[in-house]
Structure formats: C-alpha cells, structure tokens
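The values are calculated or read from the model by the stated rules, or taken from the named source; none is laboratory data. Quantities reported herein were computed from a predicted structural model and do not represent experimental measurements. Cβ placement follows ideal geometry from the backbone for every residue including glycine, while neighbour counts extend to all protein chains displayed. Protein only, heavy atoms only, side chains kept; ligands, DNA and RNA dropped before computing areas. Shrake-Rupley method; radii C 1.70, N 1.55, O 1.52, S 1.80 Å.
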Amino acid sequence: MVELELREEFIKLGQAIKAAGFVGSGVEAKIVINEGLVKVNGEVDDRRGRKLYSGDKVEFEGETLLIK
C-alpha cells in the first residue's frame, strides 16, 4: 500500500495516481481513469478531477493508495 500525505485540503484523482507512481503521466492517468480501471473507496470512478480527501482509498491494477 502506498500512502500519500496531503499538502492541501484535497488532491484530484489524476494527480494522486500520478504522484503515487501508478502511471507515468497525466495523459496516462486520464486514459486509465476514463477506461474505468480506477476505483475510489471500492467503486469505479471515471472523473479525473474527483477530489480525494484524507481517508480515501484508490485502487489500480492490484495496488492501493491511501490518502492521508
């Protein structure tokens, strides 16, 4: 599990999976999110701009990201 410490009140989904190293670029983040490959708190979310707050969990290709 990867943990990502928030610097602001929230982080957007696309930024979070890029910061966690799940994808290599913003373009790749957009593609995998639009294809429904990313789950937020157990549910598929296709909104790249989805705001993530402390306690949210993101899943992608067997990896989990915890927002702290």
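Side notes on the structure shown:
- Surface composition of the chain: carbon plus sulfur atoms hold 43% of the accessible area, using a 1.4 angstrom probe and ignoring ligands, DNA and RNA.
- Solvent-accessible area per residue, Å², over the chain with all protein chains present [probe radius 1.4 Å]: 63 Å²
- Rounded, prolate or oblate (a/c below 1.5 giving rounded, otherwise prolate when a/b exceeds b/c) for the chain by Cα gyration tensor: rounded
- Gaussian network model of the chain, Cα within-10 Å springs - most flexible of 13, 37, 52: 37
- Under Karplus coefficients 6.51, -1.76 and 1.60, residue-wise ³J(HN,Hα) of the stretch 47-53 in Hz, glycine/proline x: 9, 4, x, 3, 7, 10, 10
- Amide H partners (placed H, <5 Å) of residue 12, local residues excluded: 52
- In the chain, a dipole from Cβ-located charges (positive for Lys and Arg, negative for Asp and Glu) runs towards its positive end, and of 10, 21, 58 it is 10 whose Cα lies farthest in that direction.
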